[in-house]
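Below is one structure, written out as structure tokens, with a few remarks after it.
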Amino acid sequence: MADETEDTLEERLESVQRRAENFRELLKDGEEVTIAFLDGDVHVEESYRSKFERLHPKLYGRLLSIEAQMSAGWSPYVAALLLAGSFIFGLQLSWWTPLLGETACDLLNLWWFFLVLPVVLSFLATHVCAGWGAHVYRRHRAELLQLIAAAELDRDLLLVMLKGEEDLENVVYRLKLDTGPFPQP
């Protein structure tokens, strides 16, 4: 029974391949479309995958992995706002008076400080996230450059190929800032 399924699938794929040959003149080199039959209608859509993803799947997968590792998410911002809220709440309840003194607590227990502290801590969280991204990029740089060279690309060509790839925007940004040296393909 398993052989029947494989033969049937193979025959189906051959039939689809013969029909797909009719599209040879309509498609440009490297283009990919999806043809689907749904609810009695035939739907043709442009492929969701980029040309770069199809040509260099291993490099693209590694770039996606590095991108995901570079993302710190919302945790630093949430932590900064919780820290600001705890400090402001502590000022209201006089928790910090023994540590900071009466004068400092009275000076900080004003409305302007309640606005400035969350902004400053959010700014610092932004810099922590950027530092984390730089650290992850540096940690994976050598391996990434080897994969780029193995794909017979160089950094500048890769940047042009990845222009507009929103899924890789942090890695592309770090590649743009990287001053080298870069191995030749």
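What the table shows:
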quantity	calculated
Scope the range 130-157; condition in contact with a Leu (Cβ under 7 Å, 6 or more places away or on another chain) and either surrounded by fewer than 16 Cβ atoms within 10 Å (Cβ to Cβ) or not in a loop (DSSP other than H, G, I, E, B) (or both); matching residues	LEU147, ILE148, ARG155
Residue among LEU93, LEU110, LEU144, LEU124 that alone is at pLDDT 90 or above, over 30 Å from PHE182 (Cα atoms) and out of contact with any Gly (no Cβ under 6 Å at 6 or more places or on another chain)	LEU124
Scope the range 103-148; condition without any contact (Cβ under 8 Å) to a residue 24 or more places away in the chain and of a type in the set (A, V, I, L, M); matching residues	ALA104, LEU107, LEU108, LEU110, LEU115, VAL116, VAL119, VAL120, ALA130, ALA142
Tally, over the range 92-119, of residues that are over 39 Å from the mean Cα position of the chain (by Cα) and in a helix (DSSP H, G or I)	12
Test: residue in the range 78-87 that is at pLDDT below 85 and over 30 Å from ILE148 (Cβ atoms)	no
Residue list for the range 66-76, filter: free of Cβ contacts under 8 Å to residues at least 60 places away in the same chain and buried (at least 17 other Cβ atoms within 10 Å of the Cβ)	PRO76
Lone unmet requirement of (1) touching a residue at least 24 places away in the same chain (Cβ under 8 Å); (2) not in a helix (DSSP H, G or I) for LYS163	(1)
Inter-residue pairs, beta-carbon under 9 Å, first within 23 Å of PHE52 (Cβ to Cβ) and part of a helix (DSSP H, G or I) and in the range 8-36, second of a type outside the set (Lys, Arg) and modelled with pLDDT under 70, 6+ apart	PHE23/VAL33
Condition met for GLU53 (in contact (Cβ under 8 Å) with a residue 60 or more places away in the chain, within 30 Å of LEU175 (Cα to Cα) and part of a helix (DSSP H, G or I))	no
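Residue-wise test of (1) touching a helix residue (DSSP H, G or I) at 6+ places or on another chain (Cβ under 8 Å); (2) farther than 30 Å from LEU147 by Cα; (3) assigned by TED's automatic domain parsing to the domain that holds LEU159.
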site	(1), (2), (3)
SER65	no, no, yes
ALA68	no, no, yes
SER94	yes, yes, yes
LEU99	no, yes, yes
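The values are calculated or read from the model by the stated rules, or taken from the named source; none is laboratory data. Note that the structure is a prediction, hence the values are computed from the model and not measured. Cβ atoms come from the backbone with ideal geometry, glycine included; neighbour counts cover every protein chain shown.
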